[in-house]
Amino acid sequence: MFMMQIISQVYQITIRYANMFLLVEEHLTLIDTGLHGSTPGVVHFIHSLGRSPEEIGLIILTHNHMDHFGGLAELRKLTKARVAAPRADFAADGGILPHPAGNYFGKLLSPPALSPLRRRFVLQAKDVDTLLDGGEVFPALGGLQVVPTPGHTSGSISLYTPQQKLLIVADALNKRHDVLRLPLKTAASGLN
């Protein structure tokens, strides 16, 4: 587990190569929840700040990939946080999953007998309280703006706070071997 303060009130938590961001104000805001099993590390970090996971009021998912929503079910058991995620990641037609090779895996996992397995790869819209279209502004950090950044998935979003001049891009950029790169695109993104 790796933790780093980015700016005042903003911390990056990295567990098994999955990045999450914790915004620490009167209420806590968590951006992404990491892979399944990340919750104990997130809770430990929150406690190290003298805070409690019950203080998380909002969880924002930047896109519908399991390394960004995997800890959601565990965190929902500990908090009453509302969950927001991009609408376009739930609107794929024909069973396409928002992943590279999503068309293939979407069809493979579409039979009723395999549909429970599908939930390990994507969230359903019913798992989210607020579907985001872009342009929404959350009160965190003096105004946290939802910026659509499709490409990695159809609905991928970034979050921008003009007051701090901070842009959280999630997987809109990746660093591999010390080189910034554009992300892998998915079949559902329509941008291949």
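The values are calculated or read from the model by the stated rules, or taken from the named source; none is laboratory data. Computed from a prediction, not measured in an experiment: that's the story for all the values here. Using ideal geometry, Cβ is built from the backbone for each residue, glycine included, and neighbour counts are taken over all protein chains shown.
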Worksheet, complete the sentence: Every listed condition ((1) surrounded by fewer than 18 Cβ atoms within 10 Å (Cβ to Cβ); (2) at pLDDT below 95) holds for A18 save (1)
Fill in: Long-range neighbours under 7 Å by Cβ, at least six apart or interchain, first residue part of a helix (DSSP H, G or I) within segment 48-63, second polar (S, T, N, Q)
P53/T79; E54/T79
Worksheet, complete the sentence: Within segment 156-177, the residues that are surrounded by fewer than 19 Cβ atoms within 10 Å (Cβ to Cβ), in a loop (DSSP other than H, G, I, E, B) and modelled with pLDDT of 80 or more are P162, Q163, Q164, K165, V169
Fill in: Subset tally (residues that are of a type outside the set (A, V, I, L, M), outside any loop (DSSP other than H, G, I, E, B) and closer than 21 Å to P86 by Cβ) for segment 13-47
3
Discussion item. For segment 130-153, check the following and say yes or no: at least one residue is in contact with a His (Cβ under 7 Å, 6 or more places away or on another chain), outside any strand (DSSP E or B) and closer than 15 Å to H65 by Cβ.
Written reply: yes
